[in-house]
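Beneath this line is the structure, given in structure tokens, with notes to follow.
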Amino acid sequence: MPEQRRIAILHYSAPPVVGGVEAVMLAHARTFVEAGMDVTIVAGRGEQQALPAGAHLAVVPEIDSRDPAIHEASALLASGKVPTNFAELSGRLVAALHLLLEPMDAVIVHNVFTKQFNLPLTAALDQLLDAGVIRHCIAWCHDFAWTSPRSRADVTDGYPWDLLRTKRSDVSYVVVSQERQETLAGLYGCPADDIRIVYNGVDPVELLALSPQGADLIRRLDLLAADLVLLMPVRVTVAKNIEFALEVVAALKMHVEHPLLIVTGPPDPHDSKSMAYYRTLQARRAELGVENEMRFVFEAGPIADEPYLIDADVVGDLFRVSDVMFMPSHREGFGMPVLEAGLAGIPVVSTAVPAASEICADTVTLFSLNESPQHVAERIVERAAADPLGILRRRVRQRYTWQAIFKRDILPLLNR
């Protein structure tokens, strides 16, 4: 079994301190822990209970920009004077950080290499790099003192301020936008490609208030990676016309690389006819080659081959991450999912069930079962393409969750 990778994340302060950098650190720590890494946040202040379970906190008070000795030195440095005890302060930080950082496979340093808030710390990290104590360093640069209208007056030509505009060949530099990439490349006088862009992300579990059960189900279905998610919040009965939905999904594959249809409800395990219908749907799914594109929640539990049932709260979770509510029913007494989709803010493509035709006909896409599955698939694609909020939701869901950013952008950096 490979040895667990050890990652340090260093900044002036850590949660529960509130700040943009602290929020990014927290998201990184959570994602790294989920990936099985041993994560230590190294900061001047913070609290262990504010970190994700499995992450560690190492507090070195002199890292904090508000530490009295550091604060006093920074005031002098802002006036263009180097404190007489600058080397002593840096030496204390070198000694404190040596044992903490030497065992690490990678050290991620937020802002310290480009901001002036603790120049003794910047100098200490520079010395630790020179000594080979830090073997793999990633400088996450959110802001830059030398180019900031607010901070430019606090830096002066010469040492140690020049550290904040000096690019090291043994450090990987990361910024959070193309605008920041161009600014930092100009400051360093290097090609823009020398600096990696890693955008910030979002946590859908937190932002969408997903339940633990819903989040686990969404992960098992790999729903966030799908190009177009169709939700059928119905039971498995003949009236729901699920066989037609299978044909539509097969046709969608001609237009969308990875469509995904989710049927939330179960068959009736005590009704032989219901179970027989379910088995025919499974067989038809295999015939159409859409086993990866159509999933019954009933079969998607954490234990293989064990029936899985969900409640209304988890169905609500699925509404919040889906793109279209699809209802090809032969008949419905009302069609409650139409209203649920309206409240969840996702488009509806449906036959003329009462809720759709009598209440929402001006806002939903109605189709007839006389239409071919191919034509219905085209109409679904057209409806999705005409929904700019839906396009944005899919883009963020697929590319800008922290999990997606970790796999695509951060893990390759850690592997260097």
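The values are calculated or read from the model by the stated rules, or taken from the named source; none is laboratory data. Being a predicted model, the structure only gives us computed values, none of them experimental. FYI the Cβ positions are ideal-geometry reconstructions off the backbone, even for glycines, and counts take in every protein chain you see.
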**region 336-355, subset assigned to a helix (DSSP H, G or I) and over 35 Å from the mean Cα position of the chain (by Cα), residue surrounded by the fewest Cβ atoms within 10 Å (Cβ to Cβ)** = Pro354
**Item:** Which listed residue is farther than 18 Å from Val198 by Cβ, out of contact with any Ser or Thr (no Cβ under 8 Å at 6 or more places or on another chain) and not charged (D, E, K, R), from His98, His110, His71, His56
**Value:** His98
**Message:** Looking only at residues that are more than 23 Å from the chain's Cα centre (by Cα) and either at positive phi or outside any loop (DSSP other than H, G, I, E, B) (or both) in region 304-333, which one is modelled with the lowest pLDDT?
**Reply:** Asp305
**Request:** Give Arg331, Arg320, Arg279 a once-over and let me know the one that is over 25 Å from Ala356 (Cα atoms) and among the basic types (Lys, Arg).
**Result:** Arg279
**Message:** Among the residues that make up region 26-33, is at least one of them under 18 Å from the mean Cα position of the chain (by Cα) and of a type in the set (Phe, Trp, Tyr)?
**Reply:** yes
**Request:** Would you point out the residue of region 356-372, among those that are aliphatic (A, V, I, L, M) and under 19 Å from Phe244 (Cβ atoms), that is farthest from the chain's Cα centre (by Cα)?
**Result:** Leu369
**Asked** Could you count how many residues in region 252-265 are surrounded by fewer than 21 Cβ atoms within 10 Å (Cβ to Cβ) and not charged (D, E, K, R)?
**Response** 5
**Item:** Qualifying positions in region 253-303 - without any contact (Cβ under 8 Å) to a residue 40 or more places away in the chain, part of a loop (DSSP other than H, G, I, E, B) and not small (Gly, Ala, Ser)
**Value:** Glu257, His258, Pro267, Asp268, Pro269, His270, Asp271, Glu291, Asn292, Ile303
**Request:** Within region 292-335, count every residue that is buried (at least 20 other Cβ atoms within 10 Å of the Cβ) and either farther than 30 Å from His375 by Cα or not assigned by TED's automatic domain parsing to the domain that holds Ile346 (or both).
**Result:** 2
**Request:** For region 64-77, enumerate the residues that are buried (at least 16 other Cβ atoms within 10 Å of the Cβ) and either touching a helix residue (DSSP H, G or I) at 6+ places or on another chain (Cβ under 6 Å) or over 30 Å from Val33 (Cα atoms) (or both).
**Result:** Asp67, Ile70, Ala73, Ser74, Leu77
**Item:** Out of Phe144, Phe86, Phe113, sole residue that is surrounded by fewer than 19 Cβ atoms within 10 Å (Cβ to Cβ) and assigned by TED's automatic domain parsing to the domain that holds Leu26
**Value:** Phe86
**Message:** Can you pull out every residue in region 334-362 that is at pLDDT below 95 and of a type in the set (S, T, N, Q)?
**Reply:** none
**Fill in**
Of the residues in region 133-154 that are of a type outside the set (A, V, I, L, M, F, W, C), in contact (Cβ under 8 Å) with a residue 12 or more places away in the chain and out of contact with any strand residue (DSSP E or B) (no Cβ under 9 Å at 6 or more places or on another chain), the one that is nearest to Leu411 (Cα to Cα) is Asp143
**Hey, Lys115 without any contact (Cβ under 8 Å) to a residue 12 or more places away in the chain and not hydrophobic (A, V, I, L, M, F, W, C) or not** = no
**Prompt:** Of all residues in region 163-184 being in contact with a Ser or Thr (Cβ under 9 Å, 6 or more places away or on another chain) and assigned to a helix (DSSP H, G or I), which is surrounded by the most Cβ atoms within 10 Å (Cβ to Cβ)?
**Reply:** Leu184
**Request:** Working only within region 394-416, note down all residues that are modelled with pLDDT under 95 and farther than 30 Å from Cys137 by Cβ.
**Result:** none
**Request:** Identify, from the list Leu221, Leu187, Leu210, the residue that is touching a strand residue (DSSP E or B) at 6+ places or on another chain (Cβ under 9 Å) and surrounded by 18 or more Cβ atoms within 10 Å (Cβ to Cβ).
**Result:** Leu221
**Asked** Of the residues in region 20-51, how many are in a loop (DSSP other than H, G, I, E, B), in contact with a Phe, Trp or Tyr (Cβ under 9 Å, 6 or more places away or on another chain) and closer than 20 Å to Gly201 by Cβ?
**Response** 1
